[in-house]
Amino acid sequence: MDHFSRADGFYFLIRAYGYESNGYALVNKKTGQTINLYSIPIFSPDGKRIVDVSLDLDAGYQPNLIRIYKLRDKKYAIEWKHIYKDLKGPANPVWLNNSAIVFFEVTFDKVPTASNLRKKPFIIELENNKWNRPRPLE
């Protein structure tokens, strides 16, 4: 168990293991709000948003997706998500600022093996109060 201290409260991060999957639960000590996540949450610089990613190209037990949670009325709620349909997905997200996230889009190069993983940098940005679709970072 780990913990985070943010301006909006103190959080416990609990790692959950299952037979074919794992994830995390982020629990607010003050409000009791529990958020089930696929990855370790990455808070925006101002603490008002969290990015969560899931990448499972091998077994397919978990979805390949990226989610953004926004703090509203002292609780985080999903603001935006993007689900990948093909054998690709997001990894290693980093906040550039409060309205932009860069990450790698991971896919296989012909044959699905660890040595054939291909990573390409992508970005999503908040524009006019809407998150745009992931686009290649140039």
Residue among E79, E127, E138, E105 that is under 25 Å from Y11 (Cβ atoms) and of a type in the set (D, E):
E79
When every residue in region 33-80 that is of a type outside the set (G, A, S) and free of Cβ contacts under 8 Å to residues at least 12 places away in the same chain is compared, the one farthest from E105 (Cα to Cα) is D73
F122: passes all of (1) without any contact (Cβ under 8 Å) to a residue 12 or more places away in the chain; (2) over 29 Å from G18 (Cα atoms) but (1)
In region 106-132, the residues that are at pLDDT below 95, outside any strand (DSSP E or B) and either within 19 Å of L65 (Cα to Cα) or of a type in the set (G, A, S) (or both):
P112, A114, S115
Looking for whichever is surrounded by fewer than 14 Cβ atoms within 10 Å (Cβ to Cβ), within 22 Å of N97 (Cβ to Cβ) and acidic (D, E) here; the options are D58, D46. Which one fits?
D46
Filtered residue count, region 73-86, keeping only those that are surrounded by fewer than 17 Cβ atoms within 10 Å (Cβ to Cβ), under 18 Å from Y61 (Cβ atoms) and either of a type in the set (F, W, Y) or out of contact with any strand residue (DSSP E or B) (no Cβ under 6 Å at 6 or more places or on another chain) (or both)
2
I need a count of the residues in region 47-84 that are of a type in the set (A, V, I, L, M) and out of contact with any Pro (no Cβ under 7 Å at 6 or more places or on another chain).
6
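The values are calculated or read from the model by the stated rules, or taken from the named source; none is laboratory data. On a predicted model such as this, the values are computed, not experimentally measured, just so you know. Virtual Cβ from ideal backbone geometry, glycine too; neighbours counted across all protein chains shown.
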